[in-house]
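Quick notes on the structure that follows.
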Amino acid sequence: MRRRVTAPQPLRGQGIALETQADLSAEINAIGDAYVRALKDGGPAETQPRLDYPPYRSSILRHPTKSLHHTDPETIELYSPAFGHQDVHALESDLTIQHNGEPQGERIIVAGKVLDGDGRPVAGQLVEIWQANASGRYIHKRDQHPAPIDPNFTGIGRCITGPDGSYRFTTIKPGAYPWKNHLNAWRPAHIHFSLFGTEFTQRIITQMYFPGDQLFPLDPIYQTIVDQDARDRLVANYDHSLTEPEWALGYNWDIVLTGPKRTWTENEALGADSDEE
Amino acid sequence: MSTKLVPTPAQTVGPFYGYALPYEKDNELLAPGSPGSIRLQGTVYDGSGQDVVDAILEIWQPDAEGRIVQKTGSLVRDGYTFTGWGRGAVGNSGAYTFTTVNPGPTKPGAAAFISVAIFARGLTNRLFTRIYLPEDTEALANDPLLTSLEPERRKTLIARRDSDGGLAFDIRLQGEGETVFLDFQ
């Protein structure tokens, strides 16, 4: 169901769009170098993106300036909404069959497991994905990048994780696309992932990238994660065992949520209480 | 708690979620006009006081009796089952709206609240906060989170009661009156 669409806003200040990739790369590299030095001096590894990352211009006025306030999760925060098969149709995990014809591009299978911080499978939870088409165009009326719309590809998928935490989508490899952070800014190909755990505190939205992308060092969004090991966790592995003959290439990507705070029960491992059908 | 695996990093929701994450009746935890239903509304602001027009919020709450609901049907709503979870993208003015119920206290004497996750273009990771009801001042005065905050900051977590019985709660990502955002590590 298409409704309310939102749009990127014009960048503040006329000069911003004239900044070049070289300007931005210098900022990205300076922050990265400072982080590596701090790490060598015994500083902590940073496993999440920086909320304050000036090379990603849109973050400048949108990052909290005060530290996040530490608190112990209570009551509702220790649970997650329940999703069941009444919420998601089985066909929603195949993005290549949602229209009357075959979408253009390289068909791929993306599969993996959702685990919690203790390595346990997160079963019976909702995984949502969205992405650009093979030419790097979103079905979004404010994406006016002059690349073709594919009438057979919307780029939206959903599934519920299996008892072993597994998810699996059939889709099309998305293309890189330009954006207006600076002059000649291009996003590496990526698929957006939205995940729930067994607790609301585990809620995460992230992006899966493809191995070997030349745009990684240039991209201010990918680089909001300053730690190389942490960044690597967003890159899928090509997996020939997932590849299907004369059909689709396979990529494996496992997702780890934060550790649970609530006492865990056997039923949750099986997803038994997450579907009332 | 010792964690053996390092969590996957987050990334921004970006600007183009509009055709993917919103869905029919996503912000209607109850049908508007249902007995006991209220409107929860507010605006998301950036550090210059501008409306953030590409934010999306999720709320998760107990029912009016304080029960934590574990019912499916948030994505395909049947019109009467209260699942406790909803999703609402802001409109062109930066305003969001939910139809829901006042959350009940999950134990006697506890302050009732709605849990919120905020996503937006330019926000590299979701932010968590809480919306407390304004009326039960004794419970608010004893709440562990609220009592750990300076009075000025505490105010950012307490909703206003609208004249129609609804709740008003603005979110300020940055600057004066910056909302308290939570870390559960």
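Residue-wise test of (1) small (Gly, Ala, Ser); (2) within 14 Å of chain B (Cβ to nearest Cβ); (3) closer than 24 Å to A:GLU199 by Cβ; (4) in contact (Cβ under 8 Å) with a residue 24 or more places away in the chain.
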site	(1), (2), (3), (4)
A:GLN104	no, no, no, yes
A:ARG107	no, no, no, yes
A:LEU115	no, yes, yes, yes
A:VAL122	no, yes, yes, yes
A:LEU126	no, yes, yes, yes
A:ILE129	no, yes, yes, yes
A:ALA134	yes, no, no, yes
A:ILE139	no, yes, no, no
A:GLN144	no, yes, no, no
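In summary, B:TYR45 fulfils each of the numbered conditions (1) touching a residue at least 12 places away in the same chain (Cβ under 8 Å); (2) open to solvent by 20 Å² or more (accessible area, probe 1.4 Å); (3) facing another protein chain (nearest Cβ under 7 Å) with the single exception of condition (3).
Annotation note: Cβ proximity below 6 Å between a residue of the stretch A:68-79 that is closer than 19 Å to B:THR156 by Cβ and a residue that is among the aliphatic types (A, V, I, L, M) and assigned to a helix (DSSP H, G or I) (sequence gap 6+ or interchain) occurs for A:THR71/B:LEU145.
Taking strands (runs of 3 or more DSSP E) that fall entirely within the stretch A:87-205, which contain at least 3 residues that are open to solvent by less than 10 Å² (accessible area, probe 1.4 Å)?
Values: elements: A:107-115, A:126-131, A:156-160, A:166-172, A:177-179, A:185-187, A:190-195.
Qualifying strands (runs of 3 or more DSSP E): A:107-115, A:126-131, A:166-172, A:190-195.
Residues in the stretch B:145-182 that are open to solvent by less than 50 Å² (accessible area, probe 1.4 Å), more than 24 Å from B:PHE119 (Cβ to Cβ) and away from chain A (no Cβ under 14 Å): 2 in all.
When B:PHE98, B:PHE128 are checked against the criterion of being within 8 Å of chain A (Cβ to nearest Cβ), touching an Asp or Glu at 6+ places or on another chain (Cβ under 9 Å) and either at pLDDT 95 or above or under 21 Å from A:PHE196 (Cα atoms) (or both), a single residue qualifies: B:PHE128. Does the stretch B:112-123 include one or more residues that are more than 8 Å from every other protein chain (Cβ to nearest Cβ) and either part of a loop (DSSP other than H, G, I, E, B) or more than 19 Å from B:GLY42 (Cβ to Cβ) (or both)? The answer is yes; a qualifying residue exists. Within the stretch B:113-142, the set of residues being open to solvent by 30 Å² or more (accessible area, probe 1.4 Å) and within 22 Å of B:ALA10 (Cβ to Cβ) comprises just one member, B:ARG126.
Of all residues in the stretch A:208-243, those being touching a residue at least 60 places away in the same chain (Cβ under 8 Å) and in a helix (DSSP H, G or I) number 6.
The values are calculated or read from the model by the stated rules, or taken from the named source; none is laboratory data. The structure displayed is predicted, hence computed values, not measured ones. Glycine also receives a Cβ, built like all others from the backbone with ideal geometry; neighbour counts cover every protein chain displayed. Heads up: the accessible areas ignore ligands, DNA and RNA and are worked out on the full protein's heavy atoms, side chains in. Shrake-Rupley method; radii C 1.70, N 1.55, O 1.52, S 1.80 Å.
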